[in-house]
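Coordinate-derived values only; no laboratory data. All figures in this text were calculated on a predicted structure; none of them were measured in a lab. Because the Cβ atoms are built from the backbone with ideal geometry, glycine has one as well, and the counts that use them run over all protein chains shown.
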Amino acid sequence: MKKIIVAAALLSALVSANAQGVVALKNIGSGANGTVNAPVFTDATLTTRLAGAGFSAQLWAGADANSLAPVGAVVSFNTAALAGYFASTPNVAIPGIAAGGTATVQVRAWDNAGGTITSYDNALNRGFSNTLTVGLVDANNPAVNTLVGLQSFGLTVVPEPSVIGLAIAGAGILFLRRKR
């Protein structure tokens, strides 16, 4: 019996030591480390806020800025007075980084074309925030850190490769025409 209790205690200590740290994915509100207020906009002029289920956001995280990968669920934007803002429930666990550690994070948002585009990489109208270093806490800690330091950003249109190819071909034709 004593061996089972000792083994259970060791297993419990091992699991809690390797528990993933979490952060609150929200761009408005307060947390253990301060407050954040960083709405997301439809373009670089930062005048019209993203609103509703037609836009998505997701947290990207890693040990450093070169290892960012999508983590947690994709979230939609609020509407009306809270347009431009999002919040994920539950908090987002960062794989491979234990509570007490730090992670580099970035918010990425996109126009999901009515729900047909489910990832940032596939979107043509997308944008991303500045990168932040945040302290992670245990998932059971009620005082979760927020994305303090997050700055507002807007979406930009990423041209399709075929459009870029046409532009290069057109420039080449103009250049050859001027030479003659």
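Cβ crowding within 10 Å, taken as a proxy for footprinting-reagent exposure, orders Thr45, Thr156, Thr131 from fewest neighbours to most as Thr45, Thr156, Thr131. A Förster radius of 25 Å, combined with the Cβ-Cβ distance separating Asn122 from Asp43, puts the computed FRET efficiency at roughly 0.80.
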